[in-house]
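Input: a single structure, listed below in structure tokens.
The values are calculated or read from the model by the stated rules, or taken from the named source; none is laboratory data. From a predicted model like this one, the values you see are computed outputs, not experimental measurements. Using ideal geometry, Cβ is built from the backbone for each residue, glycine included, and neighbour counts are taken over all protein chains shown.
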């Protein structure tokens with residue numbers, strides 16, 4: 001992220017960092033604490049039945065009527081996330097996976113068809129293959145690098161949803177979102193996108209997306225201690241569809257978790273700026289190593305998807321992949337991961353800590369995509385010193401070489 005990025009991201013005369021700091025708050029010229037308090041509660045009391053009846057009709061608005069409808073704590077977070085995503089309304093849900101499943105259920109019904117990228121989040125694939133199948137909804141997985149003309153050929157008369165995830169969170173294919181979205185719109189289908197990797201750096205609604213999905217667990221929370229998700233839309237029609245489905249499914253997030261996410265959002269800009277620079281530096285260093293066949297980081301020139309990334313994104317996050325040389329065995333990659341001291345072995349990302357996760361044999365692909373010919377490792381770069389991270393990886397690579 002740079003000054004140009006911040007300048008281009010201005011909204012209402014205020015820049016991105018300012019909006020992260022001040023969004024969802026009462027303001028500075030009021031008496032009281034800086035942060036929105038935690039509002040806990042389930043039952044709401046009313047002065048009269050007429051007042052209660054009126055409140056029950058405001059389920060699409062940020063007004064109290066029952067605990068599952070949210071509170072001032074929830075609404076403050078929803079407003080901040082909507083600002084980040086460039087949308088109008090946001091629904092906070094309990095997990096990142098819930099942020100995937102709620103809109104899929106909102107826009108699909110029995111007898112319909114969804115197009116999913118072959119690189120999608122594993123639990124999203126499992127939801128399609130199991131739950132949606134039982135509901136009579138079919139799924140086709142497509143190569144995420146597909147062109148607009150090619151995706152058009154995959155649409156069926158009953159296709160109502162095109163799902164995107166760009167980049168994919170294991171193999172980092174960057175999708176041509178504007179071209180794919182244009183095809184979907186021409187065929188009357190809704191475009192849903194997992195934008196967790198591109199949070200802030202990719203503005204979904206400017207590129208044809210209808211619904212943007214975030215795992216707030218990652219960068220917004222930022223401290224690896226809360227599970228949350230968000231669903232952001234840009235029209236009243238989409239808001240009512242998503243909101244009604246979320247309510248029907250009983251989706252709810254703890255106000256305490258929302259408060260922690262708000263706290264994380266205030267520093268997200270500076271954390272991501274630091275982590276982006278560090279990740280690019282580590283990725284560029286790994287690209288020079290003889291053990292490495294390819295680095296999968298869209299921000300690096302010459303890597304897959306770089307030109308699309310340069311066209312559509314204003315920056316990058318701190319998650320990327322490494323493909324090792326063909327002659328390096330999976331056992332050697334695991335030995336390297338075990339030897340790392342600063343990189344934890346874990347599946348999430350977006351927190352303050354660095355993580356390393358070998359992914360060979362654990363990523364499902366059915367459309368023939370994502371084949372790079374070597375064992376793979378996914379790396380998340382945290383807030384540690386870059387030189388220390390490089391030294392840790394170097395000693396891990398020494399172990400890898402000793403096991404060959």
Let me spell it out: the conditions are (1) buried (at least 19 other Cβ atoms within 10 Å of the Cβ); (2) farther than 22 Å from residue 225 by Cβ, and residue 248 meets all of them except one. Which number is the exception? (1)
Six or more apart or on different chains, Cβ under 7 Å: which pairs go from a residue in region 122-142 that's under 18 Å from residue 165 (Cβ atoms) and assigned by TED's automatic domain parsing to the domain that holds residue 362 to one that's modelled with pLDDT of 95 or more and surrounded by 15 or more Cβ atoms within 10 Å (Cβ to Cβ)? Could you list them? none
Starting from region 303-319, keep only residues that are within 17 Å of residue 16 (Cβ to Cβ), then list their pairs with residues that are modelled with pLDDT of 95 or more and surrounded by 18 or more Cβ atoms within 10 Å (Cβ to Cβ) whose Cβ atoms are within a distance under 6 Å, requiring at least 6 positions of separation or different chains. 313/201; 313/202; 314/201; 315/201; 315/276; 316/276; 316/299; 317/197
I'd like to know if region 318-325 contains one or more residues that are part of a loop (DSSP other than H, G, I, E, B), touching a strand residue (DSSP E or B) at 6+ places or on another chain (Cβ under 9 Å) and at pLDDT 95 or above. yes
Which of the residues that make up region 331-354 are in contact with a strand residue (DSSP E or B) (Cβ under 7 Å, 6 or more places away or on another chain) and over 16 Å from residue 272 (Cβ atoms)? 333, 334, 337, 340, 343, 344, 345, 346, 347
Report, by residue number, each residue of region 35-67 that is within 28 Å of the chain's Cα centre (by Cα) and part of a loop (DSSP other than H, G, I, E, B). 35, 36, 37, 38, 39, 40, 59, 60, 61, 62, 63
Applying the selection to region 235-250, what residues are in contact with a helix residue (DSSP H, G or I) (Cβ under 8 Å, 6 or more places away or on another chain) and in a loop (DSSP other than H, G, I, E, B)? 249, 250
Please go through (1) assigned by TED's automatic domain parsing to the domain that holds residue 350; (2) buried (at least 19 other Cβ atoms within 10 Å of the Cβ); (3) over 27 Å from residue 207 (Cβ atoms) for residue 255 and return the number of the only condition it doesn't satisfy. (1)
Based on what the data block shows, is residue 153 in a helix (DSSP H, G or I) and assigned by TED's automatic domain parsing to the domain that holds residue 213? yes
Expected single match for out of contact with any helix residue (DSSP H, G or I) (no Cβ under 7 Å at 6 or more places or on another chain) and assigned to a loop (DSSP other than H, G, I, E, B) among 331, 353 is 353
Quick check on region 49-74: of everything there that is touching a helix residue (DSSP H, G or I) at 6+ places or on another chain (Cβ under 6 Å) and surrounded by fewer than 16 Cβ atoms within 10 Å (Cβ to Cβ), which residue is farthest from residue 251 (Cα to Cα)? 62
Scan region 215-241 for residues that are surrounded by 24 or more Cβ atoms within 10 Å (Cβ to Cβ) and over 13 Å from the mean Cα position of the chain (by Cα) and jot them down. 233
Determine, yes or no, whether residue 285 is touching a residue at least 40 places away in the same chain (Cβ under 8 Å) and either surrounded by 20 or more Cβ atoms within 10 Å (Cβ to Cβ) or part of a strand (DSSP E or B) (or both). no
